[in-house]
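Nothing in this text is a laboratory measurement; each read-out follows from the coordinates by a stated rule. The shown structure was predicted, so the numbers you read here are calculated from the model rather than taken from an experiment. In this analysis, Cβ positions are derived from the backbone assuming ideal geometry, glycine residues included, and neighbour counts consider all displayed protein chains.
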Amino acid sequence: MIQAEHAQSDSMRPAPPPMDHWRPFARQFSADPRRSDDAFLNRLMDEVMADQTLIDVGAGGGRLALPLALHCKHVTAVEPSPAMGEVLTGGAKAHHVENISLVPSDWLEVQVEPADQVLCVHVLYTIQDIGGFIRKLQDHARAQVMVVMYGAPPQSQNYPLWEKVHGTPRLPLPSVPEFREVLRDLGIEAREEPLAAQPARGFDSMEQALDQISGRLFLGEDDPKRDMLTRMLPDELEETDGVYRIRGAVPLQPWLIRWAGSASG
Ligand SMILES: C[S@@+](CC[C@H](N)C(=O)[O-])C[C@H]1O[C@@H](n2cnc3c(N)ncnc32)[C@H](O)[C@@H]1O
């Protein structure tokens with residue numbers, strides 16, 4: 001599924017993909033580490049004790065790794081994207097979080113000590129060696145592995161627009177249904193729990209929507225399909241309180257999926 005989705009993306013791209021895919025979005029993956037009103041973060045904190053260590057695999061800009069570091073003994077943030085790493089270390093410095101170390105590497109290549117908890121949030125959709133990746137999560141957790149994934153591909157709210165503009169269905173990335181099959185194949189018995197659904201993606205203006213959706217649909221500045229999208233958007237978006245959302249977009253449902261680790265010590 002991942003190879004097919006990537007091949008479809010490549011067939012539509014006006015230019016080769018950027019070296020660091022995450023650079024334009026990295027700031028969106030940071031947040032105040034001392035916030036107390038984030039129900040999702042609070043649920044993760046319930047699982048992590050003050051004297052425990054944690055590895056956050058694919059930590060992004062530290063949206064979760066930094067507050068979890070303030071809550072526990074130490075966090076190792078494994079994050080291969082330089083842009084994400086910069087946001088994470090910038091956040092750690094700005095908010096005086098000292099018990100966090102960034103390891104700028106791919107999880108499948110990294111060598112790190114096991115920790116009590118291993119966390120991996122919204123990373124698995126594009127991991128091709130999923131068996132090796134999951135086994136390594138489990139081998140590095142003394143107490144527990146926690147994975148968070150949406151019940152549908154993260155970009156699925158854009159899939160209907162893709163089909164209208166490109167005239168062919170968007171091939172989906174895997175999400176929770178496929179992950180359940182992986183766990184079954186690996187003989188892993190996990191607990192699953194739905195977390196608060198994420199509201200549909202919002203845009204501050206019609207122009208911002210056009211810009212961001214054009215990017216997701218790989219429409220270059222001069223692509224005639226961009227004009228087609230411009231004409232479609234007033235009907236395809238609905239506006240509430242100044243926020244534009246894709247009409248009929250189903251909120252993404254995140255799931256917390258956790259199971260026992262197998263690291264010793
Ligand atoms: C959607 S972001 C999620 C970031 C963070 N977990 C969060 O929820 O805010 C996915 C992150 O996974 C990272 N990632 C992708 N493949 C990875 C791999 N093989 N090993 C480690 N991290 C990876 C990306 O660089 C990116 O920062």
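Return a yes/no flag: does the range 194-201 have any residue that is in a strand (DSSP E or B) and out of contact with any Ser or Thr (no Cβ under 7 Å at 6 or more places or on another chain). Yes, that holds for at least one residue.
Determine whether P153 is under 15 Å from the mean Cα position of the chain (by Cα), more than 9 Å from the ligand (Cβ to nearest atom) and in a loop (DSSP other than H, G, I, E, B).
Numbers: under 15 Å from the mean Cα position of the chain (by Cα): yes; more than 9 Å from the ligand (Cβ to nearest atom): yes; in a loop (DSSP other than H, G, I, E, B): yes.
Yes: the conditions hold for P153.
When E239, E189 are checked against the criterion of being in a loop (DSSP other than H, G, I, E, B) and closer than 27 Å to G151 by Cβ, a single residue qualifies: E189. Close Cβ contacts (under 8 Å, 6 or more residues apart or on different chains) running from residues in the range 93-111 that are touching a residue at least 24 places away in the same chain (Cβ under 8 Å) to residues that are of a type in the set (S, T, Y) and not in a helix (DSSP H, G or I) comprise I100/T76; S101/T76; V103/T76.
Filter the range 70-80 down to residues that are under 15 Å from the mean Cα position of the chain (by Cα) and surrounded by 23 or more Cβ atoms within 10 Å (Cβ to Cβ) and give me whichever is farthest from the ligand (Cβ to nearest atom). Give the steps one after another, and end with the answer.
First, the residues of the range 70-80 that are under 15 Å from the mean Cα position of the chain (by Cα): 77-80.
Next cut, surrounded by 23 or more Cβ atoms within 10 Å (Cβ to Cβ) only: 77-79.
Details: A77: 9, V78: 5, E79: 6 Å.
Among those that are under 15 Å from the mean Cα position of the chain (by Cα) and surrounded by 23 or more Cβ atoms within 10 Å (Cβ to Cβ), it is A77.
Close Cβ contacts (under 9 Å, 6 or more residues apart or on different chains) running from residues in the range 16-41 that are in a loop (DSSP other than H, G, I, E, B) to residues that are surrounded by 16 or more Cβ atoms within 10 Å (Cβ to Cβ) and of a type in the set (F, W, Y) comprise W22/F29. One residue stands out among those in the range 130-183 that are over 26 Å from W259 (Cα atoms) and of a type in the set (K, R): the one that is surrounded by the fewest Cβ atoms within 10 Å (Cβ to Cβ), which is K164. Would you mind stating whether E189 is of a type outside the set (S, T, N, Q), free of Cβ contacts under 8 Å to residues at least 12 places away in the same chain and over 18 Å from E5 (Cβ atoms)? The answer is no for E189. Taking the conditions (1) assigned to a strand (DSSP E or B); (2) within 11 Å of the ligand (Cβ to nearest atom) in turn, L137 satisfies each one other than (1).
Residues in the range 192-210 that are under 21 Å from V250 (Cα atoms) and without any contact (Cβ under 8 Å) to a residue 40 or more places away in the chain were compared, and the one that is surrounded by the most Cβ atoms within 10 Å (Cβ to Cβ) is A209.
Kindly indicate whether D10 is without any contact (Cβ under 8 Å) to a residue 24 or more places away in the chain and within 30 Å of D222 (Cα to Cα). Yes: the conditions hold for D10.
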